[in-house]
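Notes follow the structure.
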Amino acid sequence: MTYNSTIWLNDKNVDLTSANNLSTFDNYEQGILLFIKQWLSGANSFTLHTSGSTGIPKEIQVTRNQMIASAKATINFLKIAPGTPVTVCIDARYIGGKMQLVRALIHDLPLQIISPTTQLMNHLEALPSLGLMSLVPLQLYSSLDNSPEMLDKASAILIGGAPVQLSYLPKLKSIAPPVYHTYGMTETISHVALRKLNHEDTPDEFTLLPGIEISTDERECLVVSGEVTGNQPVTTNDIVELTSATTFIWKGRYDNVVNSGGVKIFPEEVDKLIAPELETMFPGAQFFTSGMPDEKLGQRLILCIESAQSIEISGLIESLRAALPPYHAPKHIYFLEHFIKTSSGKVDKLKTVESVLS
């Protein structure tokens with residue numbers, strides 16, 4: 001396979017035909033160039049690594065055809081025009097960044113690659129167009145806080161890796177290109193559904209990409225199939241509400257459901273309801289609710305806030321209770337200066353909770 005477009009890698013142009021001496025590049029850059037060369041050589045099987053945010057990190061094998069199907073579905077859904085650059089500034093060792101590379105390679109689109117950082121502005125201002133770009137939430141927040149006008153140079157923006165804080169949604173309304181929250185995982189070869197975040201009324205529904213079929217299992221968890229999964233069903237641990245053959249509402253992780261005295265609580269839904277109150281008290285702070293063993297209730301709901309500042313807990317619990325259904329208020333609140341993160345930068349909720357128990 002040939003690739004005739006240019007590669008802009010960390011402020012320098014790279015000619016693939018002469019980039020044989022990889023010692024002039026750092027380890028991250030070498031990994032990207034090796035993958036590109038492997039792809040262009042026609043390799044039919046690739047080893048991918050899961051991020052470890054919802055379980056133990058693992059290796060999986062996927063085919064070239066699966067990755068091509070995923071890349072084409074995204075380009076067609078977003079109607080990306082020929083010649084549009086593809087900006088890669090998320091970690092290309094994982095599926096989200098790797099698929100940005102593939103989208104450019106199979107459509108012969110210019111590649112603009114920046115090593116992962118939350119301080120993107122110094123790199124992006126030199127680029128006349130950002131084209132199709134993908135960000136993790138922390139990169140999005142930094143961009144919106146410092147140079148939101150820079151994002152207007154994009155054709156479309158994909159946000160993945162974690163939910164977007166509700167406090168940032170109003171800021172997205174002024175961004176010109178469409179901004180999409182993605183749903184997917186390594187096993188589905190990146191995202192299989194998108195929802196637009198800077199729509200006039202941000203929908204709760206995700207819309208499937210072309211060629212994807214969905215159903216639910218007995219747990220009400222999403223089952224995905226299509227060419228991206230090798231036409232084999234992939235059963236997730238995501239509890240969803242199917243609203244049509246092509247749309248669904250994500251409710252939360254099955255393995256995160258808290259059974260507290262017989263009441264089933266979805267932490268993700270609690271997080272959404274208490275977000276406005278917490279944003280007022282702790283602007284910009286990350287937080288999450290989770291379950292913890294309880295002798296009487298079986299489990300109790302707790303709230304973890306990433307903040308060096310702490311306040312009187314009982315008053316905060318009572319304040320949050322007003323925004324929540326009965327029995328859904330956290331029983332205890334923990335303030336941590338820093339959450340534990342996975343290697344891909346996501347919050348490792350399990351290890352963070354373990355840290356407050358130890």
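The values are calculated or read from the model by the stated rules, or taken from the named source; none is laboratory data. Owing to the predicted nature of the structure, the values given are computational and were not obtained by experimental measurement. All Cβ positions, glycine included, derive from the backbone under ideal geometry; neighbour counts span all protein chains shown. Heavy atoms of the whole protein, side chains included, go into the accessibility calculation; ligands, DNA and RNA do not. Shrake-Rupley method; radii C 1.70, N 1.55, O 1.52, S 1.80 Å.
Brief remarks follow.
- Taking each residue of segment 144-162 that is under 18 Å from LYS173 (Cβ atoms) and open to solvent by less than 50 Å² (accessible area, probe 1.4 Å) and looking for partners that are of a type in the set (Lys, Arg) and modelled with pLDDT of 95 or more with beta-carbon atoms closer than 9 Å, six or more apart or interchain, yields ALA156/LYS79.
- Per-region count, segment 217-255, residues farther than 13 Å from TYR183 by Cβ and basic (Lys, Arg): 1
- Residue match in segment 228-235 (condition: touching a Leu at 6+ places or on another chain (Cβ under 8 Å), aliphatic (A, V, I, L, M) and not in a strand (DSSP E or B)): no
- All of THR236, THR243 fail the test of being surrounded by 15 or more Cβ atoms within 10 Å (Cβ to Cβ), more than 26 Å from ARG321 (Cβ to Cβ) and not aliphatic (A, V, I, L, M), apart from THR236.
- Residue within segment 167-177 that is in contact with a helix residue (DSSP H, G or I) (Cβ under 7 Å, 6 or more places away or on another chain), touching a residue at least 60 places away in the same chain (Cβ under 8 Å), in a loop (DSSP other than H, G, I, E, B) and farther than 28 Å from ILE7 by Cβ present: no
- Taken as a whole, the condition of being in contact (Cβ under 8 Å) with a residue 12 or more places away in the chain and of a type in the set (Asp, Glu) does not apply to GLU295.
- Elements of type helices (runs of 4 or more DSSP H) in segment 248-358, at least 3 residues being of a type in the set (D, E, K, R) and surrounded by 16 or more Cβ atoms within 10 Å (Cβ to Cβ): 267-281
To keep it simple, each residue is scored yes or no on (1) out of contact with any Asp or Glu (no Cβ under 7 Å at 6 or more places or on another chain); (2) in contact (Cβ under 8 Å) with a residue 40 or more places away in the chain; (3) of a type in the set (A, V, I, L, M).
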{"position": "ILE305", "(1), (2), (3)": "yes, no, yes"}
{"position": "GLU312", "(1), (2), (3)": "yes, no, no"}
{"position": "ALA323", "(1), (2), (3)": "no, yes, yes"}
{"position": "ALA329", "(1), (2), (3)": "yes, no, yes"}
{"position": "PHE335", "(1), (2), (3)": "yes, no, no"}
{"position": "LYS341", "(1), (2), (3)": "no, no, no"}
{"position": "LYS349", "(1), (2), (3)": "yes, yes, no"}
